[in-house]
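Single-structure report; data block below.
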There are 2 protein chains.
Amino acid sequence: MSQLRIRSKVWLEVDGQPFLGDGRYRLLSAIQRNGSINAAARDLGMSYRKVWAQLQAMEETTPFPLMERRTGGKDGGATHLTAETLTLMKRFGEVRTRVNAAADHCFHECFAGDHDDVAT
Amino acid sequence: MSQLRIRSKVWLEVDGQPFLGDGRYRLLSAIQRNGSINAAARDLGMSYRKVWAQLQAMEETTPFPLMERRTGGKDGGATHLTAETLTLMKRFGEVRTRVNAAADHCFHECFAGDHDDVAT
DNA sequence: TTTCGCTATGCATATTTCGCACAACGCACT
DNA sequence: AGTGCGTTGTGCGAAATATGCATAGCGAAA
């Protein structure tokens, strides 16, 4: 009576280096939504340090600038994504949705029936 | 001129706990192929300690015995997978293959053309 | 009773992850 | 000019995790 489920993960690689996956996708979304890296970190419940490190790693493997960061100013600064990043995210989101659906489909085909008994 | 590729990963979960993924699949295969955990570890270039820890974690979330371990004897002992494990692996392998194929397909559809220029 | 190669595990070390604390920045308002 | 504010950026120690060495225990066959 244990629940058997399938999970799938999709990500893009640039020259063999992980580049855009689910976590980073959510991170970028949060940045765009909140207007700053700091606010995004708080939003996601992560430390700014961690988020910053992720972005750092991400930009190292990216052939184009991911975001425009402004520091200082009345409200301390801000960050927003470039147009290229937005289109990339849109495409990636599409692929991810489709692959997840395909995974569910294959799962139900191959494991038809035994969703609680693991191997019959 | 950077190479953009898609990668995908599929795994099974039992009650929300990771249960069978690609690494463990290879590990189980190696055990069956070699007839012992020790030989499998050497085969995969891992330390026995590490392999053992993985199996330990795996069996904790498994509702049925994964393998039959025999200790002692002339040749020290042996380990082989149970029939349930074998059928489970077969099904999982099938799902994984199909999902990978689906991922490639979706990728080519959504990123048609720009395999080197990331976002155009 | 000895031998042998395997399973099993304690423990010290190496590696990675994590986050606190603080520096730099620059616009607005005084 | 000077101060305040909320960002971005970063050094560094601590905490968690991964790793593997070294060793104990096992039991059938010789």
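What follows draws every value from the coordinates through simple rules; no lab data is involved. Here the structure is a predicted model, which is why all the values come from computation and not from measurement. Cβ atoms come from the backbone with ideal geometry, glycine included; neighbour counts cover every protein chain shown.
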Check: In square nanometres, what is one fourth of the surface area of the convex hull spanned by the alpha carbons of the stretch A:58-114?
Finding: 6.8
Check: Relative to the other copies, what are the label-point distances for A:GLU109, with labels 7 Å from Cα along the C-beta vector, expressed in nm at one decimal and sorted shortest first?
Finding: 1.4
Item checked: Cleavage-rule hits, trypsin sites (Lys or Arg not before Pro), the stretch B:1-104, DSSP coil, Cβ neighbours within 10 Å at most 10 -> B:LYS74
Note to self: Using just the Cα positions, wrap the protein assembly as shown in a convex hull and report its mean projected area in square nanometres, one decimal place.
What the structure shows: 15.8
Next item on the list: Measure nothing but the geometry: give the 0 to 90° angle between the long axis through the Cα atoms of B:48-60 and the longest principal axis through the Cα atoms of chain B, rounded to 10°.
Entry: 90
Next item on the list: Using only Cα atoms, find the angle between the long axis of helix A:83-110 and the longest principal axis of chain A, and express it within 0 to 90 degrees, rounded to the nearest 10.
Entry: 10
Check: What gaps in nm, shortest first, separate B:MET46 from its twins in the other copies when you place the label 7 Å past Cα toward the beta carbon?
Finding: 2.7
Next item on the list: Compute the Cα gyration tensor for the stretch B:12-65, then decide on rounded, prolate or oblate, letting a ≥ b ≥ c be the square roots of its eigenvalues: rounded whenever a/c is under 1.5, prolate when a/b is larger than b/c in the other cases, and oblate in all that remain.
Entry: prolate
Notebook entry, point to check: Is it possible to state the helix-based mean residue ellipticity at 222 nm for chain B, with each DSSP H run of 4+ residues giving -39500 (n - 2.57), the sum divided by total residues, to the nearest 500 deg cm²/dmol? What is it?
Noted result: -17000 deg cm²/dmol
Checklist line | Cα gyration tensor shape for the stretch B:37-87, rounded if a/c is under 1.5, else prolate or oblate | finding: oblate
Check: Which of the chymotrypsin sites (Phe, Trp or Tyr not before Pro) found in the stretch B:21-120 are in a DSSP loop and have at most 12 neighbouring Cβ atoms, other than their own, within 10 Å?
Finding: none
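Using alpha carbons only, what's the Rg to Rh ratio of chain A with Rh from Kirkwood?
Numbers: Rg = 18.5 Å, Rh = 16.5 Å.
We get a ratio of 1.12 for chain A.
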Margin query: Please list, in order along the stretch B:2-14, the HN-Hα scalar couplings obtained from phi with the Karplus expression 6.51 cos²θ - 1.76 cosθ + 1.60 (θ = phi - 60°), rounded to whole Hz, x for Gly and Pro.
Written below: 9, 7, 9, 10, 9, 10, 9, 9, 10, 8, 9, 10, 10
